[in-house]
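Novice: Got a structure here, written out as structure tokens. Questions coming.
Just so it is clear, none of the values below were taken in a lab; they were calculated from the coordinates. Remember, it's a predicted structure, so these values are computed and weren't measured experimentally. Ideal geometry is used to build each Cβ from the backbone, glycine not excepted, and the neighbour counts take in all protein chains shown.
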Amino acid sequence: MTDAAPTPEKPVTETVDAFHYGRFHLVQPKGVGHRSGMDAMLLAALVAGEGPMRVADLGAGAGAAGLAVAARIEKAEVLLVERSPLMAGFARKSLALPSNAAFASRVSVLEADVSLSGKARIEAGLADDVYDHVIMNPPFNDRIDSRTPDALKAEAHAMEHDLFERWIKTAGAIMKPGGQLSLIARPQSIAEIIAACGRRFGGVEITALHARAGESALRILVTAIKGSRTRLSLRMPLVMHEPGQHDFIPFVDDLNNGLAAYPRLPRT
């Protein structure tokens, strides 16, 4: 049985979910579209710092990662960029929640296609050289492997041709020189990501994320700096659970709940 597309007669069921021990809440669709979880929280943790900063969350969905940044960093201004009107609508619902009032004025939503370039991108609202951080949680799966029952969820999870090239090109265009790109992806995408960074970004740092020691990596965390000429670094792997345990190790639990950031390596 598949989920039917939402219609006026059959509105989308939604939930309001607490993140960061209730420091922010997210309105999400139930049964259609993509539901956010730990991936978004780890992505948000890649943004470190305390001072004023402008952050763009590309392909934001309902806005989980961007809202996590705004909730944790008091002076961060965040733009949620999402091309789906339905998912952008959920992001706006989240911003209207009284529980998010402390940071809602620092967050805005833009309905735009991340893959636009040149004049079309600028006219859509993504100007050049504006953001200190650009974060992204791109669709993970090849379309040929997608078995998701509803079209919106399939779109959220399916990898389009040259997606990393197009998204990272946009990130490089809208980011200030010296700004940081952060993303989470599957390990199979590592070559595409490095190639897409090309001459736009250097100082690429990659952390493999493992469920337990001895198991294959589930995700990679990637950061890079616009215009840097520093060489690529493979960081110590991050293991989420102790052997035989289901609870996160304390550091990963802190990352997941907005109590810690995962900063880049210090440079000498």
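Novice: For the chain, what is the mean residue ellipticity at 222 nm derived from helices alone (per DSSP H run of n ≥ 4: -39500 (n - 2.57); sum divided by total residues; nearest 500 deg cm²/dmol)? Don't jump to the answer; show the numbers that get you there.
Specialist: On the way: 9 runs with 74 residues, N = 268.
-7500 deg cm²/dmol, from helical runs alone.
Novice: Find out how many positive minus negative residues lie around residue 45, taking Lys and Arg as positive, Asp and Glu as negative, among other residues whose Cβ is under 15 Å from that of residue 45.
Specialist: Details: positive: 23, 72, 219, 235, 264; negative: 39, 50, 57, 205, 253, 254.
Taking every Cβ under 15 Å from that of residue 45, the sum is -1.
Novice: Sticking with this one: Once you have a ≥ b ≥ c as the square roots of the Cα gyration tensor eigenvalues for the range 25-131, tell me rounded if a/c is under 1.5, and otherwise prolate or oblate according to whether a/b is larger than b/c. Write out the running numbers ahead of the final one.
Specialist: Values: a/c = 1.60, a/b = 1.09, b/c = 1.47.
Judged from the Cα gyration tensor, the range 25-131 comes out oblate (a/c at least 1.5, b/c at or above a/b).
Novice: Under a point spin-label approximation (7 Å from Cα along Cα-to-Cβ), what is the residue 186-residue 96 distance to one decimal in nm?
Specialist: Going from the residue 186 label point to the residue 96 one covers 3.6 nm.
Novice: Let me ask you something else. Work out the length of the dipole vector of the chain about its Cα centre, built from +1 on the beta-carbon of each Lys and Arg and -1 on the beta-carbon of each Asp and Glu, and round it to the nearest 20 debye. Let's see the in-between values first.
Specialist: On the way: 30 positive and 30 negative charges, 141 e Å.
The dipole magnitude comes to about 680 debye.
Novice: Next question, about the same structure. If you add up the charges near residue 200, with Lys and Arg at +1 and Asp and Glu at -1, over every other residue whose beta carbon is less than 9 angstrom from its beta carbon, what do you get? Before the final figure, lay out each step's value.
Specialist: Numbers: positive: 169, 199, 226; negative: none.
That sum, taken over residues with Cβ under 9 Å, equals +3.
Novice: Oh, and also: Return the sequence-ordered ³J(HN,Hα) values of the range 68-77 in whole Hz as given by the Karplus equation 6.51 cos²θ - 1.76 cosθ + 1.60 applied to θ = phi - 60°, using x for Gly and Pro.
Specialist: For the range 68-77, the Karplus curve yields 5, 5, 5, 5, 8, 10, 5, 10, 7, 9 Hz.
Novice: Taking the Cα centroid of the range 64-137 and of the range 180-243, what is the distance between the two, rounded to the nearest whole Å?
Specialist: Going from one Cα centre to the other spans 23 Å.
Novice: Right, next: Can you give the convex hull volume per residue for the Cα atoms of the chain, as a whole number of Å³?
Specialist: Values: hull volume 38.0 nm³, N = 268.
Taking the convex hull of the Cα positions in the chain, it is 142 Å³ per residue.
Novice: So who's got an amide H within less than 5 Å of the one on residue 78, skipping anything under 5 residues away but keeping other chains? H placed 1.01 Å off N, in plane.
Specialist: For residue 78, the qualifying residues are 55, 107, 108.
Novice: Taking the Kirkwood radius as the inverse of the mean 1/r across Cα pairs, report the Rg/Rh of the range 164-214.
Specialist: Details: Rg = 12.3 Å, Rh = 12.1 Å.
Ratio of gyration radius to Kirkwood radius for the range 164-214: 1.02.
Novice: Run the count for the chain, please: Lys pairs, Cα-Cα under 15 angstrom, 8 or more apart or on different chains. Kindly include the intermediate steps, with their values, before the conclusion.
Specialist: Numbers: 10/30; 30/93; 30/153; 119/169; 169/226; 176/226.
Lysine pairs satisfying the spacing and distance rule in the chain number 6.
Novice: Please give the residues of the range 225-263, grouped as numeric ranges, whose backbone N is less than 19 Å from a label point set 7 Å along the Cα-to-Cβ vector of residue 18.
Specialist: Only 248, 253-260 fall inside the zone, counting backbone N under 19 Å.
Novice: Here's a follow-up. Along the charge dipole of the chain, pointing to its positive end and built from +1/-1 on Cβ of Lys, Arg, Asp and Glu, which listed residue (135, 175, 238) has its Cα farthest out?
Specialist: In the chain, that residue is 175.
Novice: If you take the Cα Rg of the range 187-268 and divide it by 2.2 N^0.38 Å, with N the number of residues, what do you get? Write down the numbers at each step before the final one.
Specialist: On the way: Rg = 14.2 Å, N = 82, 2.2 N^0.38 = 11.7 Å.
Against the empirical 2.2 N^0.38 Å value, I get 1.21 for the range 187-268.
Novice: So between residue 247 and residue 105, what do we pick up on full extension, going 0.36 nm a residue minus the alpha carbon distance?
Specialist: Working: separation 142, 0.36 × 142 = 51.12 nm, distance 3.47 nm.
Computed gain between residue 247 and residue 105 is 47.7 nm.
Novice: Let me ask you something else. For residue 267 and residue 211, FRET efficiency with R0 = 45 Å and r from the beta-carbon atoms, rounded to 0.05? It would help to have the intermediate numbers written out before the result.
Specialist: Working: r = 30 Å, r/R0 = 0.67.
According to the calculation, E is roughly 0.90.
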